[in-house]
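Notes follow once the structure below has been shown.
Coordinate-derived values only; no laboratory data. None of these values were measured; they are calculated from a predicted model. Please note: Cβ atoms are built from the backbone with ideal geometry, for glycine as well, and neighbour counts cover all protein chains shown.
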Amino acid sequence: MKNSINHINELRKNKNAIILAHYYQIPEIQDIADYVGDSLGLAREAEKTDADIIVFAGVHFMAETAKILNPDKKVLIPDTQAGCSLADSCPPKEFEEFIKQYPDHMVITYVNATAEIKALSDIIVTSSNAKRIVEQLPLDQKIVFAPDKNLGTYINNISGRNMVLWDGSCHVHNQLELDHILKLKIDNPNIPLIAHPECQAPILEIAEFVGSTNALLNYTRNDSENKYIVATEGGILHQMKKHSPNKEFIIVPSDELCNCNDCEYMKMNTLDKILHVLQNEINEVTLHEELITKAYKPLKRMLEMS
Ligand code: 13P
Ligand code: SF4
């Protein structure tokens, strides 16, 4: 491992490259990244970097977002198979037909979507800024929200809106069960539950705090409790433990047999794959110019509104 890290460090310096990593990456990757963050933070970082190469340790839609915001840079992904079940739950052809039924609606799309879906949208949001952006629109503005029905339901519930929702979800968050959580709550009385808004409504309703990966991390850093039940992907625990070494974190398990909740796409990336793509400059994200132009507008609008 030390050899791979030394080699990665030498290459990123010589090639003016940066490594951006999402909080769900394995700890070894988070520890060598130039920046670790949530979707919004990563998009902002991708927009402002002056590196020539961005190695994006996350999933495909995130690397695409970096490319759309920075078309002149080389964006490399460690594993081309690192997709996202939520992005896949919204195929462009079906979505185009769907929004035709709502011609007077604005289309707001969660960033976990392909470039084609972004290009069909008016504004992109992330779990960090979705509420803030929706609240900036007039109350009578009709909205279609895609692709995550759980985040959409959550925003509807807290903002009193009635957005039309696309029926998509993330398999990692959607599988978390209220029964598991209630049992954890009984075994750990008075311990707060913190949850990502991709979880289902009954879980979000009983959570003491709901937020993006970054918001959950900040909550555990600034709050005075010393133990939390965490309903999101397990990768976030690395930063939580790093920032609050004396606190305890219980991840809501995906099933009764594990103490884990992993996104298999996020976990496809490894240090060796990062080294390999950096060395050979392969797995580059390429998008047609026209698609980049169309997808850029709603992304730029998000960055301006958040
Ligand atoms: P964040 O925007 O909170 O980082 O979430 C991204 C994601 O893929 C959650 O499953
Ligand atoms: Fe996509 Fe879910 Fe994995 Fe996030 S956790 S990248 S939404 S599949």
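Here are some notes:
- Dipole magnitude (debye, nearest 20) for the chain, charges at Cβ of Lys, Arg, Asp, Glu: 700
- Taking every alpha-carbon pair within the chain, the share separated by more than 26 Å comes to 45 percent.
- Residue exposure sequence - His196, His288, His171 - by fewest surrounding Cβ within 10 Å: His288, His171, His196
- Each helix, a run of at least 4 DSSP H residues, gives -39500 (n - 2.57); summed and divided by the residues of the chain, these come to -12500 deg cm²/dmol at 222 nm.
- Residue order, fewest to most beta carbons within 10 Å, for Tyr23, Tyr102, Tyr296: Tyr102, Tyr296, Tyr23
- Principal axis extents of the Cα atoms in segment 185-236, from largest to smallest and rounded to whole angstrom, are 25, 24, 17.
- The Cα atoms of segment 1-66 give a gyration tensor whose axes a ≥ b ≥ c have a/c of 1.5 or more with a/b no greater than b/c, which makes the shape oblate.
- Cys residues of the chain that find no other Cys beta carbon under 4.7 Å: Cys84, Cys90, Cys170, Cys199, Cys263.
- On a per residue basis, the convex hull of the C-alpha atoms belonging to segment 135-208 measures out at 89 Å³.
- Amide H to amide H distances under 5 Å link Ile250 with Tyr228, Ile229, Val230, where only residues 5 or more positions off or on other chains count and H is placed in the peptide plane.
- For peptides 57-67, 80-90, 235-245, 37-47, sequence by mean Cβ density within 10 Å, most packed first: 57-67, 37-47, 80-90, 235-245
- Summarising the amide proton neighbourhood of Val125: residues at separation of 5 or more, or on other chains, whose placed amide H is nearer than 5 Å comprise Thr109, Tyr110, Val111.
- Magnitude of the charge dipole, segment 154-306, Cβ model with Lys/Arg +1 and Asp/Glu -1, debye to 20: 540
- Each Lys and Arg Cβ is given +1 and each Asp and Glu Cβ -1; about its Cα centre, segment 112-190 then shows a dipole of about 180 debye.
- Under the Debye formula (equal points on every Cα, no solvent term), log10 I(q)/I(0) of segment 22-133 at q = 0.10, 0.12, 0.21 Å⁻¹: -0.31, -0.45, -1.21
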